[in-house]
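Chemist: Mind having a look at this structure? Questions to follow.
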Amino acid sequence: MLLNKNFNPVFLFLMLFVAISCSDKQEKIPVINYENKKEVLDIVKKYCNSKAAIAIGGMFDERGKQYIAYGIEYENSDEWGIRFSFVEKSGEEFNLIYETDLLEGSFKESLVDKIKLVSDDYDLLYYNSQGYFMGSGGGEVFSYLVDMERKQVYYAHLVVESNSAIYLYISDNTESKDLINFFTLSFKKDYPGLQIVTDDIVID
């Protein structure tokens, strides 16, 4: 085949680059109904992270903007537990705003939702394992309130050894009276005889 002596290989490269860029163009993210948990999860799994197990929309900071909090569960030899990520839709992508450390817990049979305390003008993410770890002779319940605005995870750990030995530990960073009351009253509904302890209990 004869090549035109005016042929420019740089032009050919640019044309190929444009063609590849167009074919790889990211699909447009649809309008999100932040109150529809199933829709939010489907969008997160498709456009953000396919491993997401739960996803909830909410106004998680003082600006009153909509964000999405999603959770991933890890079950392997290196990591075991759950992690929450908070993202904001920006154009045709999601930007990570905050991510928690790996936390103890599982999404199996758990409760995950957003709540708003009296002292805050924005949503907090609430997690409760709902006794997933409970055994026939006792067990434990993990609960978290995640504050994206303050980049804080407030933690409560209920340990049941017997009907008369029920202990609740609340993390040291939980200084707000509203937060302490939330955890205490939440667990006292089911365990009225619980005792609040100052050191976390580790079950072997």
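Values in this text are rule-based calculations from the coordinates and carry no lab data. Every value quoted in this text rests on a predicted model; they were computed, and no experiment measured them. Glycine gets a Cβ as well: all are built from the backbone with ideal geometry, and neighbour counts include every protein chain shown.
Chemist: What is the extension gain from K177 to D200, computed as 0.36 nm multiplied by their sequence separation minus the C-alpha to C-alpha distance, in nm to one decimal?
Modeler: 6.3 nm is the gain from fully extending K177 to D200.
Chemist: When only DSSP loop residues count, what chymotrypsin sites (Phe, Trp or Tyr not before Pro) in region 171-200 have their Cβ near at most 16 other Cβ atoms within 10 Å?
Modeler: Here no chymotrypsin sites (Phe, Trp or Tyr not before Pro) fit, given the DSSP loop and packing criteria.
Chemist: Quick one: L125, L111, L41, fewest Cβ neighbours within 10 Å first, how do they rank?
Modeler: In increasing order of surrounding Cβ atoms, one gets L111, L41, L125.
Chemist: Estimate the FRET efficiency between K65 and L103 by the formula 1/(1 + (r/R0)^6), using the beta-carbon distance for r and 22 Å for R0, to the nearest 0.05.
Modeler: The calculated FRET efficiency here is 0.35.
Chemist: Additional query: In region 74-125, if every C-alpha pair distance is counted and binned at 5 Å from zero, what percent goes to each bin?
Modeler: 5, 14, 17, 21, 20, 15, 7, 2, 0
Chemist: Taking the simple approach of a point 7 Å from Cα along Cα-to-Cβ for both E88 and Y191, what is their distance in nm?
Modeler: Each label point lies 7 Å from its Cα, and together they span 3.8 nm.
Chemist: List the lysines whose Cα sits under 30 Å from the Cα of K189, skipping any in the same chain fewer than 8 residues away.
Modeler: Filter leaves K37, K38, K108, K114, K116, K151, K177.
Chemist: Given the peptides 54-62, 146-154, arrange them by the average over their residues of other C-beta atoms within 10 Å, most packed first.
Modeler: The peptides rank, most packed first, as 54-62, 146-154.
Chemist: Quickly rank 194-200, 85-91 as a protection proxy: mean count of other C-beta atoms within 10 Å, highest first.
Modeler: In descending order of packing, they fall as 85-91, 194-200.
Chemist: Also: Would you tally the net charge around I201, using a Cβ to Cβ cut-off of less than 10 Å, leaving I201 out, and scoring K and R as +1, D and E as -1?
Modeler: Neighbour charge sum, excluding I201 itself: -4.
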